[in-house]
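The block underneath contains the structure these notes are about, expressed in C-alpha cells.
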Amino acid sequence: MLVYGATYFISEVPSPEFWEKDLEEIRKRGMNTVKILAVWEDVEPEESKYRLENHKALLGLCQKVGLDVLLEIRHKNRGFPRWFTKNYPESMMVTAEGYKKLDSACYNNPFYRRSSGRFVKNVVKEFKAYQCLKYWDIWNEPHLNSSGDHFYELNKMVCYCEDCQDGYRKWRAQQQTFNKQTTGDGWQGIDIPVLSRFTRDHRDRLYFMQEVMVNEAKRLYDLVREEDNRPIALHDVFISPVFPAVALGNDDWELANTVDIYGTSCSGPASTGEEGGENFYWFTPMVLDETRSAANGKPWWNSEWHVAGRILPLSANRNRTFETIKKEYFEMLTRGTTGLITWAYRTYSNTFCLVDIYDRTTGTFDHMTQITRRLKEINHFEQREIRKPEVAIVYDPTNQLKIWEETGDSKILHHATESIYKYLYDSNAMIDFIHGLTAGKASQYKAIVIPAPLGLSENMLEALKKYVAQGGVIVSEGCFSYLDGYASSIQGVPAHGFDKIFGIKIADMSPPAPSGKDSALIFKDRDGREFPAVYRHHYELVKTTGAKVLLESETGAKVTLNEYGKGKAIYISGLLFPPTNYSRDEFYNTLAVAGELIVKERDKKNCKLTNNYSILDYVFETLGMKGSLPLAVRRDIFGSLIVYHNNNDAEQMVKEEKDCYDIFSTAKYQSKRDIPLAPGETKVLFRE
Ligand SMILES: [Zn+2]
C-alpha cells in the first residue's frame, strides 16, 4: 500500500477545535495516513510526569475519521527536554573544543540512555492500543553534528565527553591495526584525536561514532520491539553534500540495516526557498536514488516531503506550480517509494504548510489532490513495478573519509558524484548507488562508474576487480587508489593490481586541489584541435602498458580503455567534474568534451556529433545501451503509465510504440507519432 499523508504537528496546530475538521479534510483529499510527533519535551514536560491527553485525543479522532497513523517518537532535534539539560548537565555532548552542547545528550551517557529509554517505552505502551496506529518512526534525521552545518568543522564535532573518550579507546584497542607497543598503559593510553585531521586516528574516531549512531538506532528499535510488533521506520536527511560520512558521522546503509522502513526528508525548492532554486532538479532524484539504494530492498519513504515550499516571513504564500508538484510526485512513484508523507499540514511558523493558520488552502495542496484523485480514478495509486537499475555509482565511506583527510575538502566526492549522477540521469539511466558490492548484485549492472576514487576500501577494490574479470565495465575518474590505509600515497599507482586492470601506470602525479582551485585545461585530439574545459586542478602522467589511448592532452593520455578478463576498464585521468555543481549552466561540461573527442577519434569518417556527447554516452553505446531519447529527457514506467520528464528549456519530441493518452489533459497520441514535451514538462501517459 502507498502510505500517503501529511504530518500533523501537534505542538504547532492552533487549537484542538481544528483537529477533526483537518483530519476529515486530509482524508477527503485522498490521503490515508497522518504522521503525529510525540516530542519528548511535550509528552514528558517534567521528569517522569507525562502529558498524554492531547495525543490520545488526536489518535482517537484519527481512528474515528478512518486515517492510519505513523507515530514519530522524537527525542532529539528540537524536542529535547529542558528538564533533562538542567537535571543532568554532565550528560550533554561535548565539542572538540570542550563546550557542552545544550540541545543534545550523548548517546553513550547512562543518564540519557535511562531517561530516553523510559520515554520511548512509555510512549509505545501508552499508544499501542490504538488500532489506527500502523507504524513507528524512531529517529528523525540522525546526525552526529547537531549544529545543522553539513560541512565538516572540526571544532563543532562531537562527542568528546568522557564516556565517548573511553568508548573510543576501548573500540580502538580492538582494531587489528592497533599496536600495543605504542601505548605503554594499554587502552587507557590511547590518544584522542581532536583538532588535527591529519591522522588515521581521526578517521577511526569517525568510524567509532558511526558505530555509536548505529548502536543507538538498534537500541531504539529494540525498545519499541519489546513492546510492539508494528513496522519501525527511521529517516535521515540528505543536505548537500549528500553523503554524510564526514560531516554528519553517519552511514545510511548501516542505519537502514537496523530498521524495517528507511526514509529521507527530501525537499524540492524548499531547501532554497525558490521555485527552481539552485540544484533543485538534480537534488531530488539523486536523494531518492540514494535512499532507495541505502534501503537495499526494504520499503523506503519520503518521510518529510517538503512539498509546500518555504514561505518566508512577511512574504506572500509562495505556491508551487502544478508542473513541479507533478514532477516530484512522479519522480518518487517511478522509483518505487512506498510512502509520501508531506511536511506539514498546518503550522504556526507558516513554513512548508498545506493549510495556513488563517485557514487558507495552498495551491500546492490543490495540485497534490488533483494528481492523487486522477491516479485513483485510473486505479494507479498503489505501488507499481519500477525499472531495474542499469548503472551503479560507487559510494564508499572509507574513500570519502580518506579524501577529506588528504585534501581537507569534504565536498570533493559530493561534487564528483553529483556531476556523474546528473549525466547518467540525463541519459535516462536508472541509477543505483553501491556501498558494499557483492558478486550477485554487481552482475545486474552494465557499468559501474567510480567518482574520485582516491582511497577505496579493500572490500570495494576486491569486488570491482571480480566484477571486471567476470565481464563488467568500470569507468573511473583519475587518482585511482593512490591513498593507502593511512591516507599516505602509495608507490605504484594504480595499486592493488588495478594497473593490470586499467593497463596503465601513473608515472608522476599531484593530488587534487581543494574546491575553488579549478583551472582551464586544454584537451587536444590527434589533429591538434583544441578544446578548453573547466577542470579540477590535478596532474597525472599516464603511461599505457596495454591500454588503448582514446584521448590525450599535452600532459599525455587522458582517457584510456583496456580489456581485462571478460570485461573492460576505462580510466579518465584527473577529476572531470565541474567546480561547484553541475546544474549551474555557466560551467562547461568537461565530460562532454571528453566524449566528443572520443567519438571523433573512434569514427573520424562518419562522425555524427551531438552537443553534450559524453564519455558515459560512449560507454553506453559500446555496451549497446544507448537509447533514442533526446538528452535530458527521461522515460520512466509506473505500471501502465509512461512518465516523461523534459528537463530541457526547449520543446522535445518523443514517440511511443502504442497509442496513449495524457492522463491530465486527456490529449490522445497515436503510436509512432510525435508527442511534444514542453520545456520542463512532466507528461504522464496511459498506454492503451
Ligand atoms: Zn559523548
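Where a number appears in this text, it was derived from the coordinates with a stated rule and is not lab data. Note that the structure is predicted; figures quoted are calculated from it, not measured. Note: ideal-geometry Cβ built from the backbone for every residue, glycine included; neighbour counts use all protein chains shown.
Please rank Met653, Met430, Met209, fewest neighbouring Cβ atoms within 10 Å first, as an exposure proxy.
Met653, Met430, Met209
Report ³J(HN,Hα) in whole Hz for each residue of the range 204-220, in order, from the Karplus equation J = 6.51 cos²θ - 1.76 cosθ + 1.60 where θ = phi - 60°; Gly and Pro get x.
Couplings: 4, 5, 5, 4, 4, 5, 4, 5, 4, 5, 5, 5, 5, 4, 5, 4, 5 Hz.
Quick check on the range 633-687: what does the Kirkwood estimate of hydrodynamic radius come out to from the alpha carbon pairs, in Å?
Averaging 1/r across every pair of different Cα atoms and inverting gives 11.0 Å.
Please sort by residue number the trypsin sites (Lys or Arg not before Pro) in the range 67-97 whose DSSP state is loop and whose Cβ has at most 15 other Cβ atoms within 10 Å.
Arg78
Provide the net charge surrounding Ala233, with neighbours chosen by a C-beta distance below 14 Å and charges set as Lys +1, Arg +1, Asp -1, Glu -1.
Value of the local net charge: -3.
Once phi is turned into ³J(HN,Hα) by the Karplus curve 6.51 cos²θ - 1.76 cosθ + 1.60 with θ = phi - 60°, what whole-Hz value does each residue of the range 412-418 show in order, with x for glycine and proline?
Whole-Hz 3J(HN,Hα) from phi for the range 412-418: 4, 5, 4, 5, 4, 5, 4.
Compute the length gained on full extension between Gln383 and Leu52: take 0.36 nm times their separation in residues and subtract their Cα-Cα distance, giving the result in nm to one decimal.
Using 0.36 nm per residue and subtracting the Cα-Cα distance, I get 115.7 nm.
Is there a pair in Lys35/Lys683; Lys411/Lys558; Lys465/Lys548; Lys388/Lys441; Lys21/Lys56; Lys100/Lys156 whose C-alpha atoms are over 21 Å apart, and which pairs would that be?
Lys35/Lys683; Lys411/Lys558
Residue-wise, which Karplus ³J(HN,Hα) couplings in Hz belong to the range 375-380, taking 6.51 cos²θ - 1.76 cosθ + 1.60, θ = phi - 60°, and x for glycine or proline?
Calculated HN-Hα couplings, in order: 5, 6, 4, 9, 6, 10 Hz.
Just to verify a number: FRET efficiency for Asp201 and Glu462, C-beta to C-beta distance, R0 = 22 Å, to 0.05?
0.30
Classify the range 1-154 from the C-alpha gyration tensor, please: rounded if a/c falls under 1.5, else prolate or oblate depending on whether a/b exceeds b/c.
Since a/c reaches 1.5 and a/b is larger than b/c, the shape of the range 1-154 is classed as prolate.
Using 0.36 nm per residue, how much length does the chain from Ser15 to Gln174 gain when fully extended, once their Cα-Cα distance is taken away?
That pair, Ser15 and Gln174, stretches by 51.8 nm at full extension.
If amide H atoms are built 1.01 Å from N in the plane of the peptide, which residues on other chains or at least 5 residues away come under 5 Å of the amide H of Val3?
Here Gly339, Leu340 satisfy the definition.
Run the paramagnetic zone check for Tyr99: 7 angstrom along Cα to Cβ, then residues of the range 401-434 with backbone nitrogen under 15 Å.
none
By per-residue mean of other Cβ atoms within 10 Å, what is the highest-first order of 628-641, 374-387?
Result, highest mean first: 628-641, 374-387.
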